[in-house]
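Only one structure is covered here, and it is reproduced in the block below.
The values are calculated or read from the model by the stated rules, or taken from the named source; none is laboratory data. None of the values given here were measured: they were computed from a predicted structure. Neighbour counts run over all protein chains shown; Cβ positions are idealised from the backbone, glycine included. Areas reflect the complete protein model, heavy atoms only, side chains present, ligands, DNA and RNA absent. Shrake-Rupley method; radii C 1.70, N 1.55, O 1.52, S 1.80 Å.
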Amino acid sequence: MKQKLAILAIVLCQTTTIVLAQSPFAGRENLFTTPLNYVAGFTSTPPVIDGNINDDVWKKAAWTVYFEDIEGDLKPKPYYETRMKMLWDDKYIYFAAELKDPHVWANLRKHDEIVFYDNDFEIFIDPSNTTHKYFEIEINALNTIFDLFLAKPYRNGGPAHHEWNTPGMLHAVNIQGTLNNASDEDKGWTVEIAVPFTALSMMGYTASAPKDNDIWRLNFSRVQWQTDIVNGKYVKKKDTKGKDLPEHNWVWSPQGVINMHLPERWGYVQFSKVEVGNTLPQFKMPYAEKQRQYLWLAYYKQKDFHAKNKRYAQTLKELGLQGTAIDVDGMKNTLSLSPTAKGFKITITDNKSQAISINNEGLIIK
């Protein structure tokens, strides 16, 4: 852990001189680790959505790293392996996931039941990279779907809109073993999902299909409950008070906290028009994403300040921040805070007048 924090400090110092001088991220390192990235190749041949992820086209796509605990290094490594891969074409974004599990079970069968009460696989999609107007899709081993839209995260008032139903989505599950049979041992289960870009629409918001090298924010989660076998059936383990033990949350890109609804912590997916199977471009962190780190630092500090003082800070000084001499990739940036009628607006501006803002609801304003 100490070695990883040292590496993090070196990386931050290379991109921002303010870290070396003042260490503004100290104490919040878990929220400022660099999210993972994935370059999704284009496919002229769509996979067959049957839950079997051995199609020739899937063999050309790269796997992600194996999932980690949602808190990253703060918790032990998952005891079952999970990984996924992606493709896209002009109409769909395709997902394939592999979940190793010697005991595959599921109970929920109705659409929009709370699928994470079973073991499940979850997809989170923020096409606009603003942390608002994003989509969530959950699936269990019975191929039951729970899909929802959030105009803004729960921390900012949500709420979740369960009426969004991913029109035109294709999905399937394949079980390597037998479902709900506690008398044998399984290998796991695989998932295939095809989401039409046209389905990513709700409440007046419609996501545009990506262009070559566009970047979206996504993350993927696996919910895994601890179980016992009682009278030949799987039963969730309970604590001394008879309450279900907390579920495990294993994710592609660690959030740093037990909360998937921090879209600023999701991974980066870059869409490449290069046909899968060929050499894809390497991901490069956009300069604007490095600027945003200071917006999120100020945002978190504002929320902490409000929790303590029942009001928002009126100046950066109250937050223990300075607005000048922030160096991002060799570019001088300035941070400013403007009180508003409902809260605040914080802006970072470089010496070429490229500005990005965040408001009290965590909305990124480009």
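Annotations for the structure displayed:
- Subset tally (residues that are aliphatic (A, V, I, L, M) and in contact with a Lys or Arg (Cβ under 7 Å, 6 or more places away or on another chain)) for segment 66-99: 2
- Scanning segment 260-275 for residues that are open to solvent by 10 Å² or more (accessible area, probe 1.4 Å) and either assigned to a strand (DSSP E or B) or on the phi > 0 side of the Ramachandran plot (or both) yields GLN270, LYS273, VAL274, GLU275.
- Scanning segment 35-58 for residues that are open to solvent by 70 Å² or more (accessible area, probe 1.4 Å) and within 22 Å of PHE283 (Cβ to Cβ) returns a single hit, ASN37.
- Qualifying residue in segment 60-74 (condition: more than 23 Å from ARG217 (Cα to Cα), open to solvent by 40 Å² or more (accessible area, probe 1.4 Å) and without any contact (Cβ under 8 Å) to a residue 24 or more places away in the chain): no
- For the condition of a type in the set (S, T, N, Q) and part of a helix (DSSP H, G or I), ASN30 qualifies.
- Residue tally, condition of a type outside the set (Val, Ile, Thr) and open to solvent by less than 20 Å² (accessible area, probe 1.4 Å), over segment 322-366: 8
- Which listed residue, of ASN119, ASN37, ASN129, is touching a helix residue (DSSP H, G or I) at 6+ places or on another chain (Cβ under 9 Å) and within 17 Å of PHE220 (Cα to Cα): ASN129
- Hits in segment 188-214 (condition: of a type outside the set (Ser, Thr, Tyr), surrounded by fewer than 17 Cβ atoms within 10 Å (Cβ to Cβ) and within 25 Å of ASN259 (Cα to Cα)): MET203
- The condition of being surrounded by 15 or more Cβ atoms within 10 Å (Cβ to Cβ), more than 30 Å from LEU36 (Cβ to Cβ) and touching a residue at least 60 places away in the same chain (Cβ under 8 Å) does not hold for GLN291.
- Single match in LEU87, LEU5 (criterion: over 19 Å from ASN140 (Cα atoms), of a type in the set (A, V, I, L, M) and modelled with pLDDT under 95): LEU5
- Among the residues examined, VAL251 does not qualify as hydrophobic (A, V, I, L, M, F, W, C), open to solvent by less than 20 Å² (accessible area, probe 1.4 Å), modelled with pLDDT of 95 or more and touching a Gly at 6+ places or on another chain (Cβ under 6 Å).
- Selected residue (only one of THR130, THR144, THR178 is surrounded by fewer than 16 Cβ atoms within 10 Å (Cβ to Cβ) and modelled with pLDDT of 95 or more): THR178
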